[in-house]
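**Q** This structure is in structure tokens; I'll ask about it shortly.
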Amino acid sequence: MNEMTIITVVVLAVVACLLFWQSLLLASLESAVVRVTRANLNNLMIETQTDSELSQFTRQKKIDKIHRLQRLIANRHATSSACAFQRIVSNVLLGAIAVCIAAIFGCAVWLQLIIGVVVALVVAFVSVLVRPRSVGSDRPLEILLSHTRLASFAYACAPFLHRHKSKTAQNKAELSENEELEEIHLEQGRAAINRVLETNRFDPETSEMLHNVLELSDSLTREIMVPRTDMICIEKDASLEDFLKLCSRSGYSRIPVIGNDIDDLLGIAYMKDAVRASIFNNAALSRPIASIMRDPMLVPELKPADDLFHEMQQTCHHVAIVVDEYGGIAGMVTIEDALEQIVGELQDEHDHAQHGEPQQIGESKWSMPARTPIADLEDIFEVDLDEDDVDTVYGLLTKLLGRVPIVGSSATTHGLRLTAVDSAGRRKKVSTIVVEPQSEAEQTETEESSQDDEATPTTTTQESNDHE
């Protein structure tokens, strides 16, 4: 091997080392460029201009770097793609140099090709999966400032990417800088959590909770609210005594106050306010509910669930009324509804589990889950109800009452009396309905006639100050 050959091999080896170093730096820049905002650069510019310890030359040099970075960040997608493209070019050139060195040493053609491919793959693996990419994520601004010229060189070498925008970039074109960066971080967070969960280091409940935290921003208020058809309301003319009875029966401690209809919302009544006003003054029980009414918190139905949760935290509200685009009442939502999107259904010591099948509790007297099909009711009592617009026992009772049933509500049809006797879950929705022939229920009709349909019954439901 003559002297010229040795010099050629050495030069090629030096160029290969430089390309390998460039590939690693480009991997760091590719990761860093999506994590720096214009706000970061503006703050850095102010710090640089007001730093009295810097000389004029150093200050101007750093300002020039910041200006260069601002131009790159203005089209971050093109800059990131240009760094990726230049990294791939470096890997290809490394493979070509490896082939040349192998040819100089007289290797066979097939061996030259194998060496070139293996070298390119190894460098690509190192530049993507090893330390450089994590460095760009941990110290993005520092990496960009240190290698601004390399990023500018990569950007200049890929002019075909300057005007090209991917479909994702077009969809984000109208987003602000912070919103765009937040969406990028959210996508990266999902990918990171998926990788961590694949290691099976967490139990299934914890894994599901981590997924729910990231998906909370994708949920809208209307998806987690109680719809208006299931809302329990009280009229403005009701007294505090009526309100406390309704709280006891329904299990709710915060109830909307309405005027002529549900869209005529006047405010929210809190059971704690009613108890505070009447506990030492029984005469206050006759006061109208409007005397303790509070202004409601109104939120749009399209508000993201995570924004709703943070706003309710900041304003110290646990319940809000959801309005639709026309200003009508769409439903009601509580801070617990947002929490349940993360941790699952919440229950307390007053919540009751619901049995799954109808149970006979007396002669011709059955206890049925609210979702028992009407067909099962017809088979048990051998009647033909002919109800085509409802499918469950709960739906039948709701139709007969003309409103949302609560514990103690009762109605009769086709010789059968249906009575709501229990509720389940944090929302205190009726869970159990007792069905019996009307003839047997007539023995207690005298006592029931002296009470209003909304009077407090003797049931297993108790007051709950922690519910909405």
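The values are calculated or read from the model by the stated rules, or taken from the named source; none is laboratory data. Fair warning: this is a prediction, and the values are worked out from it, not measured in the lab. With ideal geometry, Cβ positions are generated from the backbone for all residues, glycine too; neighbour counts draw on all protein chains shown.
**Q** Under the condition of being under 44 Å from the mean Cα position of the chain (by Cα) and polar (S, T, N, Q), which residue from region 109-145 is modelled with the highest pLDDT?
**A** Here the answer is Ser127.
**Q** Something else now. Within region 1-45, how many residues are in contact (Cβ under 8 Å) with a residue 24 or more places away in the chain, among the polar types (S, T, N, Q) and either in contact with a Ser or Thr (Cβ under 7 Å, 6 or more places away or on another chain) or assigned to a helix (DSSP H, G or I) (or both)?
**A** Final tally of qualifying residues: 7.
**Q** Return the residue satisfying two criteria in turn: it lies in region 218-244 and is under 15 Å from the mean Cα position of the chain (by Cα) and loosely packed, with under 14 Cβ neighbours inside 10 Å, and of such residues it is modelled with the highest pLDDT.
**A** Among residues in region 218-244 that are under 15 Å from the mean Cα position of the chain (by Cα) and loosely packed, with under 14 Cβ neighbours inside 10 Å, the one modelled with the highest pLDDT is Glu223.
**Q** Out of Thr48, Thr79, report the one residue that is assigned to a helix (DSSP H, G or I), in the same structural domain as Pro140 (by TED's automatic domain parsing), in contact with a Lys or Arg (Cβ under 7 Å, 6 or more places away or on another chain) and surrounded by 15 or more Cβ atoms within 10 Å (Cβ to Cβ).
**A** Thr48
**Q** Does Leu12 satisfy being at pLDDT 80 or above and surrounded by 21 or more Cβ atoms within 10 Å (Cβ to Cβ)?
**A** Here the answer is no, as Leu12 does not meet what is asked.
**Q** Output the residue which, of all residues in region 33-84 that are farther than 30 Å from Ala124 by Cα and under 34 Å from the mean Cα position of the chain (by Cα), is modelled with the highest pLDDT.
**A** Leu44
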